[in-house]
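Contents: one structure, followed by commentary.
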Amino acid sequence: MKEVRLDGLKALLSTPKHIVVTNHVNPDGDAMGSALGLALSLKKLGHTVNVIVPNDYPDFLKWMPGTAEVLLADQNMPEAERLIAQCAIIFHLDYNAISRAEMLENALTASTAKKVMIDHHRQPEEWPDFIYSDISMSSTSQMVFEFLEMNDWLSLLDESIAECLYTGIVTDTGSFRFAITTGRTHHVAAQLLNLGVAPNIIYDRVFDNNSMSRLRLMGSMLNHMEYYKDQNTALLYLKKAQLMKNNYQRGDSEGFVNYGLSIGGTVLSVFLREDKGIVKISLRSKGQFDVNDLARKHFNGGGHVNAAGGSLTMPMDDALAYTRDLILQLKNVQP
């Protein structure tokens, strides 16, 4: 449930190094908040740091300090491979399976750099040299704060770093409403607020920054929603035609899966989105219904008890039929 294997890392970081910080494909608020917050902290320790992410991330996250220097691997793979090959340490944030790096997987695997995993997902792989894994944590951004504290580096924190980490925490906890939120989460958030973070401004930048096309896309999704009363399950989806009609941009469907859980009595929400020949799956649940197990068994994915994801390599109509059949077979989906 918790693994801390960091002996020798602080000594390794005691002299300037070339460091790469990376995260998973399709980075979300926690992936980017943790990466940028850690990178800014390491730079203050005197290290040369490059943040390299597999592909682009939503525009509503691009206000965060340090985002202008982020390298998108899918847009400049030769440079990404060069920097990974030359660095001494790689921090892998917010993922614990190397396949989640997708187009960066080969370069990361081939690198001789020391590898550090900081992550809060279940069943971490064992390839890193250093591991900080804790599934009880609200977010990887909270774990970066804890990592800084355990190394006596909280003095490095400033308003810019705090904004990044707070953004990661607030997005991964659903604005502190998910069950993974603890008293410690609020304690960490309070310390970040004391550094100058303005929660109203963060919320406005991240959540109240909708385009008209995103709202129309949401309406299209909700208009086609299916509900399975006996399974207390909502099924949401967006086909390619819906995405194109509503001018879909990366990140537009972020959080859409949560709307299914807003229906009274719903325990499970399943969201499917057609994406370049595959179907992306998002799963959310309430109570003890384990969507991590569901994602691993049926959707080639994984995650947390109440939040997980995966994908299906099949046409969208086939994926919908597969998912509908699976939902009808579910038992004990109880509030």
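In table form, for the structure just shown:
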| item | result |
| --- | --- |
| Relative contact order, percent, the chain [alpha-carbon distance under 8 Å, six or more residues apart] | 14 percent |
| Calculated FRET efficiency for the pair Gln334/Asp158, C-beta based, R₀ 45 Å, to 0.05 | 0.45 |
| Label-to-label distance, nm, for residues given as Phe207 and Phe176 (7 Å Cα→Cβ offset) | 1.1 nm |
| Spacing of the two label points (7 Å from each Cα toward its C-beta) at Asp325 and Asp74, in nm | 3.0 nm |
| Low-density loop positions, trypsin sites (Lys or Arg not before Pro), the range 275-309 - DSSP coil, at most 10 other Cβ in 10 Å | Lys276 |
| Given charges at beta-carbon only (K, R positive; D, E negative), |dipole| of the range 148-225 in Debye | 500 debye |
| Fewest-first sequence of Ser155, Ser111, Ser141 by Cβ atoms within 10 Å of each Cβ | Ser155, Ser111, Ser141 |
| Value at 222 nm in deg cm²/dmol, rounded to 500, when DSSP H runs of n ≥ 4 in the chain each add -39,500 (n - 2.57) | -10500 deg cm²/dmol |
| Fewest-first sequence of Ser160, Ser253 by Cβ atoms within 10 Å of each Cβ | Ser160, Ser253 |
| Backbone HN-Hα couplings from phi across the range 242-259 [Karplus 6.51/-1.76/1.60, Hz, Gly and Pro as x] | 5, 4, 5, 4, 9, 6, 4, 10, 3, x, 4, 9, 4, x, 4, 4, 5, 5 |
| Sites Asn151 and Asp318 - FRET efficiency at Förster radius 41 Å, r taken between beta-carbons, to 0.05 | 0.25 |
| Lysines with Cα under 17 Å of Lys286, excluding same-chain neighbours fewer than 8 positions away | Lys229, Lys331 |
| Extension gain from His186 to Asp129, taking 0.36 nm per residue of separation minus the Cα-Cα distance | 17.4 nm |
| Gaussian network model of the chain, Cα within-10 Å springs - most flexible of Gly265, Gly251, Gly301 | Gly265 |
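Rule-based calculations on the coordinates, nothing more; no lab input. None of these values were measured; they are calculated from a predicted model. Note that we place each Cβ from the backbone using ideal geometry, even for glycine, and neighbour counts take in every protein chain shown.
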